[in-house]
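Worksheet: one structure, shown below.
The values are calculated or read from the model by the stated rules, or taken from the named source; none is laboratory data. What you are looking at is a predicted structure, and each value in this text was computed from that prediction instead of being measured. Note that each Cβ is placed from the backbone with ideal geometry, even for glycine, and that neighbours are counted across all protein chains shown. These area figures cover heavy atoms from the full protein model, side chains too; ligands, DNA and RNA do not enter into them. Shrake-Rupley method; radii C 1.70, N 1.55, O 1.52, S 1.80 Å.
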Amino acid sequence: MSPCPPIPDETWPAEIEDLRAGFAGRLNVYRVMAHHPALTRAWAPLRAHVVTDSALGPDRSEVVILRCAVRMGSEYEWAHHVTRARALGFSDARIAAIGTTPEGEDGLIAAAVDALFDARRLPAP
């Protein structure tokens, strides 16, 4: 048994009841965060900016997330976002390439992610 299991609807904190029907009730990671209602409340605007209002858009954001999953060796994050990428219309070949050496725009994005992991900054143009 996890020391911090996802919170079910029956014991959801009243302080963040308004978030349960939205993003916070959808994924176990947010249901775990709900153990700390102030954190969940503070996370909501940042999550909205990063996940739904990103200037990158959904396709480029998925490329970034998948590449980060590769760099971190996170099988969980990779599997979760492969599903999301497929829902956006990514082919299995495109997804596989993101895990190795993608070309075109995906390659540029992967190179930027790699630079941030390796040098903690983007190279000068």
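Quick notes on this one:
- Ligands, DNA and RNA left out, the 1.4 Å accessible surface of the stretch 1-52 is 65% carbon and sulfur atoms.
- Multiplying the residue separation of Glu103 and Glu17 by 0.36 nm and subtracting their alpha-carbon distance yields 26.5 nm.
- Average projected area [Cα convex hull, the chain], square nanometres: 9.6
- Between the helical axis of 104-119 and the longest alpha-carbon principal axis of the chain there is an angle of about 70 degrees.
- Between helix 37-47 and the chain: long-axis angle, C-alpha atoms, 0 to 90°, nearest 10: 30
- Label separation (Met1 vs Ala79): 2.4 nm, computed from points 7 Å beyond Cα along the C-beta direction.
- Cβ-derived FRET efficiency at R0 41 Å, Arg86 paired with Ala124, nearest 0.05: 0.70
- Computed extension gain for Phe117 through Val50, at 0.36 nm per residue and net of the alpha carbon distance, reaches 22.3 nm.
- Computed over all pairs of different Cα atoms, the Kirkwood value for the hydrodynamic radius of the stretch 55-125 is 12.2 Å.
- As a calculated quantity, the FRET efficiency between Asp59 and Asn28 at R0 = 30 Å, using C-beta atoms, amounts to about 0.75.
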